[in-house]
Amino acid sequence: MQESYTISHATRALAQCRNIFAKKLTDYGASWRIMRPMSITDQLFIKAKRIRTLETDTAMVDEGILPEFMALVNYSIIGLIQLDLGYADCADISPEKALALYDNYVRETLDLMTAKTHDYGDAWRDMRVVSFTDIILTKIQRIKQIENNDGETLISEGIDSNLMDIINYALFAIIKLNDGEE
């Protein structure tokens, strides 16, 4: 029962994120294809730091925390795509191909969420949104270290696993924020 609650709410949150991703594809195409992995990591860092600032201070630009968590989902999926395809010198894929890749990584990430929900239950429901922010910032620091190590790890998960974890924690935050929590 826990798994179905989490996955159904995550699926709704992902639909919100995908809608934004699709609209930005219409506006900009797949311009993000030129971004190298380290640039995507830095973009994730900027978004997560902004969330942390918004959680502790008054915003100068009133856009809210929810859109920033959605951006974390979308940039993490872009990161997964870039890890798979490598970066390009131009927007070299169609919006349709970009959405197909997006959907593929959404399926993989939901599969991971299903497995972890089975193992951990819905423990995330008792967590605070600020904890998700801190965990996401930790995952970003791990990615930076792995990038500094030329992608090599001794016993730890790779960049792709950390990106999927960022997606899942951001989704938990989106669910809580959509439900009016915190």
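The values are calculated or read from the model by the stated rules, or taken from the named source; none is laboratory data. Computed from a predicted structure; not experimentally measured. Ideal geometry is used to build each Cβ from the backbone, glycine not excepted, and the neighbour counts take in all protein chains shown. Accessible surface areas use protein heavy atoms only, side chains included; no ligands, DNA or RNA. Shrake-Rupley method; radii C 1.70, N 1.55, O 1.52, S 1.80 Å.
Applying the selection to the stretch 157-178, what residues are open to solvent by 40 Å² or more (accessible area, probe 1.4 Å) and within 17 Å of GLU55 (Cα to Cα)?
Of all residues in the stretch 157-178, those open to solvent by 40 Å² or more (accessible area, probe 1.4 Å) come to 157, 160, 169, 177-178.
Correct list: TYR169, LEU177, ASN178.
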Take the stretch 82-118 and flag every residue that is charged (D, E, K, R) and surrounded by 16 or more Cβ atoms within 10 Å (Cβ to Cβ).
-> LYS116
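Of everything in the stretch 29-82 that's part of a helix (DSSP H, G or I) and among the charged types (D, E, K, R), which residue is nearest to ALA170 (Cα to Cα)? Can you show your working first?
Keep residues of the stretch 29-82 that are part of a helix (DSSP H, G or I), which gives 31-34, 37-56, 66-82.
Then drop every residue that is not among the charged types (D, E, K, R), which leaves 33, 42, 47, 49-50, 52, 55, 68.
Numbers: ARG33: 22, ASP42: 17, LYS47: 11, LYS49: 13, ARG50: 14, ARG52: 13, GLU55: 14, GLU68: 9 Å.
The extreme case among them is GLU68.
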Count of the stretch 83-113 residues which are in a helix (DSSP H, G or I) and closer than 16 Å to LEU163 by Cα | 16
Return yes when LEU154 is of a type outside the set (S, T, N, Q), in contact with a helix residue (DSSP H, G or I) (Cβ under 9 Å, 6 or more places away or on another chain) and farther than 18 Å from ARG52 by Cβ and no when it is not.
-> no
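When the stretch 86-129 is examined, which residues are found to be of a type in the set (S, T, N, Q) and within 18 Å of the chain's Cα centre (by Cα)?
First, the residues of the stretch 86-129 that are of a type in the set (S, T, N, Q): 94, 104, 109, 114, 117.
Selection gives ASN104, THR109, THR114, THR117.
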Would you be able to tell me the number of residues in the stretch 10-34 that are open to solvent by 40 Å² or more (accessible area, probe 1.4 Å) and over 14 Å from the mean Cα position of the chain (by Cα)?
-> 9
